[in-house]
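Reviewing the structure listed below.
The values are calculated or read from the model by the stated rules, or taken from the named source; none is laboratory data. Note that the structure is a prediction, hence the values are computed from the model and not measured. Note: ideal-geometry Cβ built from the backbone for every residue, glycine included; neighbour counts use all protein chains shown. Each accessible area value is taken on the protein alone, full model and side chains, heavy atoms only, with ligands, DNA and RNA left out. Shrake-Rupley method; radii C 1.70, N 1.55, O 1.52, S 1.80 Å.
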Amino acid sequence: MSESKGVIQGFKEFLMRGNVIELAVAVVVGAAFTNIVNAVVKGIINPIVGALGSQNLDHYQSCLTATCAKDPKTGAFADGIYILWGSVLSAALTFLITAAVVYFLMILPINKWKERQAAKQQAEAATADPTEIQLLIEIRDALLAQRTGSPSAPSSASGTIGTQKTHE
């Protein structure tokens with residue numbers, strides 16, 4: 001029973017990690033964002049490409065064999081081997097637009113924010129008061145200097161307490 005509790009607890013911890021939750025949010029946002037990108041491709045990109053030919057990129061194709069024929073009634077391929085490069089072009093454009101929007105609207109601002117936060121933390125760390133360990137080291141050094149009678153502290157970190165004791 002304890003092993004199953006450990007497994008369940010481990011699974012719960014795995015699910016609560018930030019990476020799993022961030023990944024789930026990314027998938028949901030990406031799925032919702034796909035509709036916007038598809039609308040941009042169909043509503044803006046395809047008409048621009050359509051100025052050169054058909055507005056539907058799926059109609060762009062090439063035949064690999066000498067005898068290529070389409071059924072005029074159904075529009076299905078009757079003979080030949082067709083490469084539907086228009087579909088590939090449409091998918092590539094959709095991917096590029098999605099990647100550009102995600103990068104410029106999500107990744108770039110988050111990276112800038114993280115840089116500002118890191119700079120802020122470094123500035124706070126530089127102006128922070130000495131830690132408890134640093135104060136204890138200074139006290140030790142001051143006591144050692146007082147015991148030996150030398151004006152300099154043994155460690156390279158001379159602090160305020162060490163300098164106060166040597167001046168007295």
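Checked across the stretch 110-124, the condition of being of a type outside the set (Ser, Thr, Tyr), modelled with pLDDT under 90, over 30 Å from Leu23 (Cα atoms) and assigned to a helix (DSSP H, G or I) holds for at least one residue. Quick one: in the stretch 54-71, of everything that is surrounded by 12 or more Cβ atoms within 10 Å (Cβ to Cβ), part of a loop (DSSP other than H, G, I, E, B) and at pLDDT 75 or above, which residue is farthest from the chain's Cα centre (by Cα)? Applying the filter and picking the extreme gives Cys68.
Only residues that are open to solvent by 50 Å² or more (accessible area, probe 1.4 Å) and either outside any helix (DSSP H, G or I) or over 17 Å from Ala99 (Cα atoms) (or both) were counted in the stretch 18-41, giving 4. Just to be sure, is Arg140 open to solvent by 100 Å² or more (accessible area, probe 1.4 Å), among the charged types (D, E, K, R), in contact with a Pro (Cβ under 9 Å, 6 or more places away or on another chain) and assigned to a helix (DSSP H, G or I)? For Arg140, the condition - open to solvent by 100 Å² or more (accessible area, probe 1.4 Å), among the charged types (D, E, K, R), in contact with a Pro (Cβ under 9 Å, 6 or more places away or on another chain) and assigned to a helix (DSSP H, G or I) - is met. The conditions of being among the aliphatic types (A, V, I, L, M), over 20 Å from the mean Cα position of the chain (by Cα) and modelled with pLDDT under 75 are met by Ala78.
Looking across the stretch 81-103 at every residue that is without any contact (Cβ under 8 Å) to a residue 40 or more places away in the chain and under 26 Å from the mean Cα position of the chain (by Cα), the one that is most open to solvent (accessible area, probe 1.4 Å) is identified as Phe95.
Evaluate the stretch 106-123: report whether one residue or more is exposed (fewer than 13 other Cβ atoms within 10 Å of the Cβ), touching a helix residue (DSSP H, G or I) at 6+ places or on another chain (Cβ under 9 Å), more than 30 Å from Val27 (Cβ to Cβ) and free of Cβ contacts under 8 Å to residues at least 24 places away in the same chain. No: the stretch 106-123 contains no residue that is exposed (fewer than 13 other Cβ atoms within 10 Å of the Cβ), touching a helix residue (DSSP H, G or I) at 6+ places or on another chain (Cβ under 9 Å), more than 30 Å from Val27 (Cβ to Cβ) and free of Cβ contacts under 8 Å to residues at least 24 places away in the same chain.
Given the structure, is Ser155 open to solvent by less than 90 Å² (accessible area, probe 1.4 Å), in contact with a helix residue (DSSP H, G or I) (Cβ under 6 Å, 6 or more places away or on another chain), under 30 Å from Ile36 (Cβ atoms) and at pLDDT below 85? No.
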